[in-house]
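The values are calculated or read from the model by the stated rules, or taken from the named source; none is laboratory data. Values in this document were obtained by computation on a predicted structure and should not be read as measured data. Reconstructed Cβ throughout: ideal geometry from the backbone, glycine too, with neighbour counts over all protein chains shown. Side chains are part of the model used for accessible areas, which takes the heavy atoms of the whole protein and leaves out ligands, DNA and RNA. Shrake-Rupley method; radii C 1.70, N 1.55, O 1.52, S 1.80 Å.
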Amino acid sequence: MWDVVGQERALLLLQRSLETGSLAHAYLFVGPAHVGKMTLARNLAQALNCEAAEPPCGKCDACQRIASAKHADVQVIDLESGNDAEEARVRTEISINQIRRLQHSASLAAFEGKYKAFIIDGAELLSIEAANCFLKTLEEPVGRVIFILLTINESLLPATVVSRCQRVELFPLASGEVEAALCSRWGVEPEKARLLARLCGGCLGWAVSAARDDGLLGQRAEWLDGLLEIASADNEQRFTYVAQLVDRFSQNRGLVHERLDLWLDWWRDLLLVKVGCGDAVTNVDRLATLGEMATGYSLAEIRAFVDCIKAAGKQIRLNANPQLALEVLMLSIPDAGKVRNPIV
Ligand SMILES: [Zn+2]
């Protein structure tokens, strides 16, 4: 009764450890956003506290309380958690105070269950002081307490922390696996399931959120319309678009990267359509537009622009001036409809 979809290797490792009583006291779950790290962490906490013969049953009181985040012995520590709402609102790191509270709580006996589980979501966001403080806890394990660190980027964690955790990697699922799960477990209609499975890039959690909340697909449609407008706009309009994006960058860096990912998916789709692999595109609901647009560019032009989008993303991640990087990108958009030799 593990809820997590796919991830056979990770599941096998955890199940074996549970069966043989050889659990580590700290785990590091590594994988992209929405791939299932939190689901797996909650499942592990359930398996440790389940009252049934074959844990996790998903039905007993302990399993249900953990699933609904109400179990006193299973705590999630992230940017939003903690008892100071004002502090959480402005927080950009997991603070040393949060880790001190965790340590205090870990030192007390389990309140209602058998095991205490602390899930640190976004472990790469631990401040240096918090990570150093947490290291002491990792070095002196106590019985019946487990720490599960979740991260999208383990290279941002101190090596001393990583080396004291059992590493478990989660991988994006195949699009067919996501599609099947959306239909069978969440009752999503087949056409929508197919689209979401392509769009989520193997990260089921995003697809489930988008199936429940039409706002996510609505936003994507809006962003795609913007992208199409910009592709045929003049430089002045393109720079206005950049200015609007950069304006939001200061509040939400992720937003710019999400937008660049959308651009990358779109132009990769153009490449696929151009070489006759329309079946493999991400934006399956816009296949007609892709086909039309692809006729306006040569293969070499599309390829070159895909490289430009990747370069812009990399530069911004390396702290280049986002406005400059995006303006250069805008100037690199090839002119549509000037193809002399469409197969080159
Ligand atoms: Zn149970």
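Considering the conditions (1) away from the ligand (no atom under 16 Å from the Cβ); (2) touching an Asp or Glu at 6+ places or on another chain (Cβ under 7 Å), residue 113 is excluded by exactly one of them, (1). Among the candidates 54, 93, 86, the residue that is within 16 Å of the ligand (Cβ to nearest atom), at pLDDT below 90 and either open to solvent by 70 Å² or more (accessible area, probe 1.4 Å) or of a type in the set (Val, Ile, Thr) (or both) is uniquely 54. Scanning region 35-58 for residues that are free of Cβ contacts under 8 Å to residues at least 24 places away in the same chain and over 18 Å from residue 144 (Cβ atoms) gives 52, 53. In the set (1) over 22 Å from the mean Cα position of the chain (by Cα); (2) buried (at least 20 other Cβ atoms within 10 Å of the Cβ), residue 60 fails one condition alone, (2). Considered as a group, the residues in region 1-27 that are among the small types (Gly, Ala, Ser) and surrounded by 13 or more Cβ atoms within 10 Å (Cβ to Cβ) include one that is nearest to residue 204 (Cα to Cα), and that residue is 6. Only helices (runs of 4 or more DSSP H) whose full extent lies in region 213-317 are considered here, and the ones with at least 2 residues that are under 29 Å from residue 191 (Cα atoms) are 214-231, 253-274, 287-294, 299-317. Scanning region 119-144 for residues that are open to solvent by less than 10 Å² (accessible area, probe 1.4 Å) and in contact (Cβ under 8 Å) with a residue 60 or more places away in the chain yields 119, 123, 138. Here residue 295 meets each of (1) open to solvent by 70 Å² or more (accessible area, probe 1.4 Å); (2) over 22 Å from residue 314 (Cβ atoms); (3) within 17 Å of the chain's Cα centre (by Cα) with one exception, condition (3). The residue that is surrounded by the most Cβ atoms within 10 Å (Cβ to Cβ), counting only those in region 241-256 that are modelled with pLDDT under 85 and not hydroxyl-bearing (Ser, Thr, Tyr), is 249.
If the condition is being farther than 21 Å from residue 11 by Cα, open to solvent by 60 Å² or more (accessible area, probe 1.4 Å) and in contact (Cβ under 8 Å) with a residue 60 or more places away in the chain, then region 171-205 contributes only 194.
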